[in-house]
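Here's the structure we're looking at; comments come further down.
The values are calculated or read from the model by the stated rules, or taken from the named source; none is laboratory data. Keep in mind it's a predicted model, so treat the numbers as computed, not measured. Heads up, the Cβs are rebuilt from the backbone with ideal geometry, glycines too, and the neighbour counts pull from every protein chain shown. The protein model used for the area step is the full one, side chains on, heavy atoms only, and it has no ligands, DNA or RNA in it. Shrake-Rupley method; radii C 1.70, N 1.55, O 1.52, S 1.80 Å.
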Amino acid sequence: MLPRETLDTTVLPPGDRFGMWLELVARTSTPMQVRSAHSDDFAAHASFIDLGPIQLAQYEYPSLHAARTRKMVRQSDPELYILALTTGGVGTSSQDGRRSEILAGEFTFYNASLPHDLGHHATEPERERATSITTMIPHAALPLPPQRMAALCGGRMSGTEGIGALLAQFLIQVTGHPEQYHAADVSRLGAVGLDLATTMLGRHLVAEDAVPTEVRRRALLTQVQSYIHRHLGDAALGPQVVADAHHISVRSLHRLFEAEDTTVASYIRELRLARCRRDLADPALRNQPVQTVAARWGFSDKAHFSRAFRAAYGTTPQEHRDSHSDLARIVNRRASTVNSLPAD
């Protein structure tokens, strides 16, 4: 599981909760003047995941307004960019003369080294709380021209299409399911998140050439791999389909995979075989014909599937299923024996 720090203000009496939140804000991001109509009982939750080059924070709270003044900037400058995804409620963002309303599914961006104002409230205050996921990016980690970033501050960007959608999905998945990853995944996940954020911001600058080539390559690769995962069950999925979906040539797609020590077709085949192998070992799917399982993951030809499975795993699909069925029967028989023993 990814290392995660969590905070829940409801462990304290209502009168102490807002003070706890103010201490949290000052400690984990940047000192701000925060006010809320719910300061007498500020029931809120936050979790933090450090991914190396970036840090993620997931927030759930009542309505609030926060301001970072020039004096606060002079007193403490963490040199951070903040990219915030609103996941519930409506937010406002204001910096450098630009003010935006941020709806659920949209990003806003601001520079914590400059004064700014933020607001966030639930659309149904009596029933909901406002929620967001913020990505904290050190100035030095973002490979974009610093002098260009002011053009994005206080603005809004879509999190439902293109690279923005992929970044939003990444943030929601990592913060929502940290148990699905290992501590060893931290640096790689951080690099993926930073690449996606860099590419999205670079495109909104209308200067994608400002994004380093390798960053663009890794971000596009992540986008392509995500597409393949979502369409594995499509028997027609292949290099041409994948290339067309991303508006690139097949030749460019093959070049994209050169550094991954595999080809596009091999990547698709290996993923499909892994899904079939998993499902064939699942007792809950034992009554489904082998070909039904294969077809679910894009193998329309039974003979081709059997040959590919044997080449990959050294056994036939049916033998693999039978071996796991035998194991399940042994385990169940032992469990029945233990359960039938008289109690002491």
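Towards the positive end of the charge dipole of the chain, with charges on Cβ (+1 Lys, Arg; -1 Asp, Glu), say which of S100, H254, M32 has the farthest Cα. Ranked along the dipole, the leading option is H254.
Modelled spin labels at D185 and D8, positioned 7 Å past Cα toward Cβ, are 2.4 nm from each other. The fraction of accessible area contributed by carbon and sulfur in the chain is 51 percent, rounded to a whole number (1.4 Å probe; ligands and nucleic acids excluded).
Hey, how much of the P(r) for the chain falls beyond 36 Å, as a percent of Cα pairs?
Every Cα pair in the chain considered, those over 36 Å come to 37 percent.
Which order do the peptides 160-170, 29-39, 182-192 take when ranked by the mean count of other beta-carbon atoms within 10 Å per residue, highest first?
Packing order, densest peptide first, comes out as 160-170, 29-39, 182-192.
Spin-label pair A37-N287: with each label point 7 Å from Cα along the Cα-Cβ axis, the two points sit 5.5 nm from one another.
Normalised by the number of residues in region 21-130, the average gap of Cα pairs under 8 Å and 6 or more apart makes the relative contact order 27 percent.
The length gained on full extension between R230 and S252, counted as 0.36 nm times the residue separation minus their Cα-Cα distance, comes to 5.8 nm. Take K302: with every protein chain present and a 1.4 Å probe, its accessible area is about 130 Å². Charge tally for V174 (other residues, Cβ to Cβ under 12 Å; Lys, Arg +1; Asp, Glu -1): -1.
Largest first, what is the accessible-area ranking of D244, D279, D117 with a 1.4 Å probe? All intermediate terms of the calculation are to be shown ahead of the outcome.
Numbers: D244 90, D279 10, D117 60 Å².
The ordering from most to least exposed comes out as D244, D117, D279.
Taking square-rooted eigenvalues a ≥ b ≥ c of the alpha carbon gyration tensor, is region 96-208 rounded, prolate or oblate, where a/c under 1.5 means rounded and, failing that, a/b exceeding b/c means prolate? Note, shape of region 96-208 comes out oblate. Heavy-atom accessible surface of the chain, averaged per residue, reaches 51 Å², computed with a 1.4 Å probe. Take every Cα pair under 8 Å whose residues are at least 6 apart in sequence, average their separation, divide by the length of the chain, and the relative contact order is 13 percent. The mean sequence separation of alpha-carbon pairs under 8 Å and at least six residues apart, normalised by the residue count of region 80-155, gives a relative contact order of 43 percent. Here the dipole of the chain is about 800 debye; that uses its Cα centre as origin and unit charges on the Cβ of Lys and Arg (positive) and Asp and Glu (negative).
Computed extension gain for Q75 through K302, at 0.36 nm per residue and net of the alpha carbon distance, reaches 74.9 nm.
With a cut-off of 15 Å between beta carbons, the residues surrounding R251 carry a summed charge of 0, where Lys and Arg count +1 and Asp and Glu -1.
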